[in-house]
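What follows is one structure encoded as structure tokens, with my remarks underneath.
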Amino acid sequence: MKKSINKYIALIFTAGLIVSCSPDLTETNPNFTDASSFWKDLDDTNSGLTAAYATLLSPYTFNLREEMVRSDMGYFSNVRPTPFASNDLAYTFWFQNYTNNNQSIDRHWAACYRGIFRANQVIEALEKIKPQVTDTDKWTYQMAQARFLRGLFHFYLHTSFNEGRVVIEDHTPITNEDFFKTVSSSADVIAFFRKDLMYAYDNLPATPTAEKARASKAAAATVLGMSHLYQGENDLAIPYFKNVIDNPAYKLFGLTASQDPITMFYTANEFNSESIFEVNFDGNFRPELGLFDEESTTTRNAFLSFSQNLLFSAPAWVAYAYKSEPMDVKDVRNHKGGALSNPLRSVPLRASAMVILPDDLDTPTYGQPAAIDVLTAGLTLSAANPTAQARVFAYYKKYLNVDIYTGEAGNPLGAQKSSKNFIVHRLSEVYLMQAECLIKTGDINGALALINKVRARWGLVLLGTSGEFSGARTYNGVSYTAKTLLDQLMFVDKALETAAEGHATRFADLRRWGILKNRFDDLAAKTFYLNDFTYQKTTNPNIGTPNTKFKAIVVDDVAKVIVRPSNDNLANHTVPNEFTIPAQNFQVGVSEYLPLPSNEVGRNPNLNN
């Protein structure tokens, strides 16, 4: 799959010749190709389009780690209770005390506008060459992609900054006024990017093309639906999500006997049947590029998922939630050895796919039968001794190369140069967003059906009293109201299914639900505990013998704590709260959006006018 993408990734660096201003504004440099002379045909515009897509390679386009620790889904270090302040920019996102001079904020702004600039170049070039173009279908396809990207980057900026009041860039800058625009209203920004996305929706192919990392109609429909969902316009979002759900080109992964859902995020299953939009990385192309090159075709997401300090790990509540989802005893996949008469597996399938847990003894990890016995990957899934503090309760797994290396250090390019794709949108996310819309428009049964399709894929106990899977699957027997089902969606299914995906997904969800501050307060008031974990060793030496890892297993109730017979106490098993500081520092009316970057405010005196 990687090789099929390389043919247009290779254009990124040649396309880079056309995305900068001329080095001499008064003379023509015979050695310099400027925009006016470059754009001659659809091959040239395709090169420019590739450069626009390349903006998605920048880690600052998504700021994954910063957004994870800014929400309730991430902790920024493996040192507890609270590591010392450092130059780590993500530290301020967890603390909720970032300011407008934070480089991560400035770089996120710059990355999105870089993508807009490149998309505008392509749009204008396509208009320029249109009279002589003979392949109108190809022209339209390219224009739809460029409009999609321009709309997408404006949507990201609207979601992140200044309550949605950002600068609309509808053309490449020419005059002084173009370089010193003021921000537009949130409503105007929404209207602008929806127009772009609607053009993309109307003109992109319904079926993914061979260039799988490029946008499709489903990607445009997903973002359009999200734009309405984010504004509480549920009736308007429903048709777009339905279009994706009804599209036969997309199916939930793991529904057939040949598809193990645990392997959904393995390298071999990139661009799988439920992939709607992914950012493609490939270490085989230009491996000599530096770690911090913003358009390197490798990513640091694997390193940020496991490193000693510069990581985003799962807080205690997330680790406990994943391991505690009830497994359906009627699903043979939940039983060891695939026989209903055998005991249940140690943790649910969704947990095994999404995170590395110390008590998951059934999922091979980094070439070993279970993560708890992996010695080569730098995992710290337990305390060093009975009195030491535990460090990580669960590692997010989606971007780790657990399927192809014995540890991230086994990557021949280095631990910070992974080729694992970044997931922007999947079909299951669309199912859950549609379910939310149905809850809010009164269709509880319709919402349950969609949520249960996702849960059935993972072999989880289904919600409600009966439904599509009656007889074949187990239902929990609960009669849900709109409130109780929305709570289930907000705090369990949407959170656990889409963790570490997309653009600021969790933070944006909590904000639009109006529960950001309450969520931090609730988690700050909740105490979790740790128990030792005794198990049968899965590797040599001494395979099969009892082994104990100290303070490895998260529990949610003091009654579940097992205190050792001597030299131990309850305090020794208590997890230092991960949300006390975020709850204290979060300011309602201030912390919900990123501020306009100080560099941009200083450069553009009209920005706040």
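The values are calculated or read from the model by the stated rules, or taken from the named source; none is laboratory data. Just so we're clear, the structure is a prediction, and the values are computed from it rather than from any experiment. FYI the Cβ positions are ideal-geometry reconstructions off the backbone, even for glycines, and counts take in every protein chain you see.
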inquiry  = among the hydroxyl-bearing types (S, T, Y), modelled with pLDDT under 95 and under 30 Å from A52 (Cβ atoms): which single residue out of Y91, Y98, Y113 fits that description?
reply    = Y98
request  = From (1) buried (at least 21 other Cβ atoms within 10 Å of the Cβ); (2) out of contact with any Asp or Glu (no Cβ under 8 Å at 6 or more places or on another chain); (3) among the basic types (K, R), pick out the condition that doesn't hold for K138.
outcome  = (1)
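Yes/no per residue for (1) within 20 Å of the chain's Cα centre (by Cα); (2) touching a residue at least 40 places away in the same chain (Cβ under 8 Å); (3) surrounded by fewer than 17 Cβ atoms within 10 Å (Cβ to Cβ):
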residue: R286; (1), (2), (3): no, yes, yes
residue: F303; (1), (2), (3): yes, yes, no
residue: L310; (1), (2), (3): yes, yes, no
residue: S313; (1), (2), (3): yes, yes, no
residue: A316; (1), (2), (3): yes, yes, no
residue: A319; (1), (2), (3): yes, yes, no
residue: P326; (1), (2), (3): no, yes, yes
residue: K330; (1), (2), (3): no, yes, yes
residue: K336; (1), (2), (3): no, no, yes
task = Evaluate the following for I553: is it among the β-branched types (V, I, T), touching an Asp or Glu at 6+ places or on another chain (Cβ under 8 Å), crowded, with 16+ Cβ neighbours inside 10 Å and not in a loop (DSSP other than H, G, I, E, B)?
result = yes
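At least 3 residues that are surrounded by fewer than 19 Cβ atoms within 10 Å (Cβ to Cβ) and under 22 Å from the mean Cα position of the chain (by Cα) in each: list the helices (runs of 4 or more DSSP H) lying fully within region 161-277 that qualify. Working first, answer last.
Numbers: elements: 176-179, 186-203, 217-230, 234-245.
By residue number, no helices (runs of 4 or more DSSP H) qualify.
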message = Residue pairs, Cβ under 6 Å, 6 or more apart or interchain, first in region 580-607 and acidic (D, E), second part of a helix (DSSP H, G or I). List them.
response = E592/R511
ask   = Since L607 meets every condition but one in (1) modelled with pLDDT under 95; (2) closer than 26 Å to D360 by Cα; (3) hydrophobic (A, V, I, L, M, F, W, C), which condition does it not meet?
value = (2)
query = From T136, T172, T140, T159, which residue is within 17 Å of R107 (Cα to Cα), among the polar types (S, T, N, Q) and modelled with pLDDT of 95 or more?
reply = T159
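If you go through region 591-607 one residue at a time, do you hit one that is touching a Leu at 6+ places or on another chain (Cβ under 7 Å) and of a type in the set (V, I, T)?
Step one: filter region 591-607 for residues touching a Leu at 6+ places or on another chain (Cβ under 7 Å), giving 592, 596, 600-601, 607.
Applying the additional criterion that residues be of a type in the set (V, I, T) yields 601.
Yes, there is a match, as at least one residue in region 591-607 is touching a Leu at 6+ places or on another chain (Cβ under 7 Å) and of a type in the set (V, I, T).
Does A456 satisfy the criteria of being farther than 30 Å from V575 by Cα, among the aliphatic types (A, V, I, L, M) and under 25 Å from the mean Cα position of the chain (by Cα)?
Details: farther than 30 Å from V575 by Cα: yes; among the aliphatic types (A, V, I, L, M): yes; under 25 Å from the mean Cα position of the chain (by Cα): yes.
Spelling it out, A456 is indeed farther than 30 Å from V575 by Cα, among the aliphatic types (A, V, I, L, M) and under 25 Å from the mean Cα position of the chain (by Cα).
Name the residues in region 396-419 that are of a type in the set (G, A, S), under 21 Å from E288 (Cα atoms) and assigned to a loop (DSSP other than H, G, I, E, B), would you? Give the derivation first.
Step one: filter region 396-419 for residues of a type in the set (G, A, S), giving 407, 409-410, 414-415, 418-419.
Then keep just the ones that are under 21 Å from E288 (Cα atoms); that gives 409-410, 414-415, 418-419.
Correct list: G414, A415, S419.
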query = Looking at L204, L255, which one is farther than 24 Å from N46 by Cα and touching a residue at least 24 places away in the same chain (Cβ under 8 Å)?
reply = L255
query = Any idea which residue in region 64-109 is nearest to L510 (Cα to Cα), counting only those that are free of Cβ contacts under 8 Å to residues at least 60 places away in the same chain and hydrophobic (A, V, I, L, M, F, W, C)?
reply = F93
ask   = Taking region 542-562 only, how many residues are touching a helix residue (DSSP H, G or I) at 6+ places or on another chain (Cβ under 6 Å) and free of Cβ contacts under 8 Å to residues at least 60 places away in the same chain?
value = 1
remark   = Going through (1) in contact with a Pro (Cβ under 7 Å, 6 or more places away or on another chain); (2) buried (at least 18 other Cβ atoms within 10 Å of the Cβ) one by one, P81 fails only at (2)
request  = List every residue pair whose Cβ atoms sit under 7 Å apart, with the two residues 6 or more apart in sequence or on different chains, where the first one lies in region 403-419 and is aromatic (F, W, Y) and the second, anywhere, is assigned to a loop (DSSP other than H, G, I, E, B).
outcome  = Y405/Y366; Y405/N411
request  = Please determine, by comparing only the residues of region 338-359 that are in contact (Cβ under 8 Å) with a residue 24 or more places away in the chain and more than 21 Å from L255 (Cβ to Cβ), which one is farthest from the chain's Cα centre (by Cα).
outcome  = D359
request  = Mind counting the residues in region 496-515 that are of a type in the set (G, A, S) and over 11 Å from the mean Cα position of the chain (by Cα)?
outcome  = 2
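Does region 145-156 contain any residue that is crowded, with 20+ Cβ neighbours inside 10 Å and in a loop (DSSP other than H, G, I, E, B)? So that I can check it myself, show each step before the final result.
Here is the first cut: in region 145-156, the residues crowded, with 20+ Cβ neighbours inside 10 Å are 145-156.
Adding the requirement that they be in a loop (DSSP other than H, G, I, E, B) leaves none.
No: zero hits.
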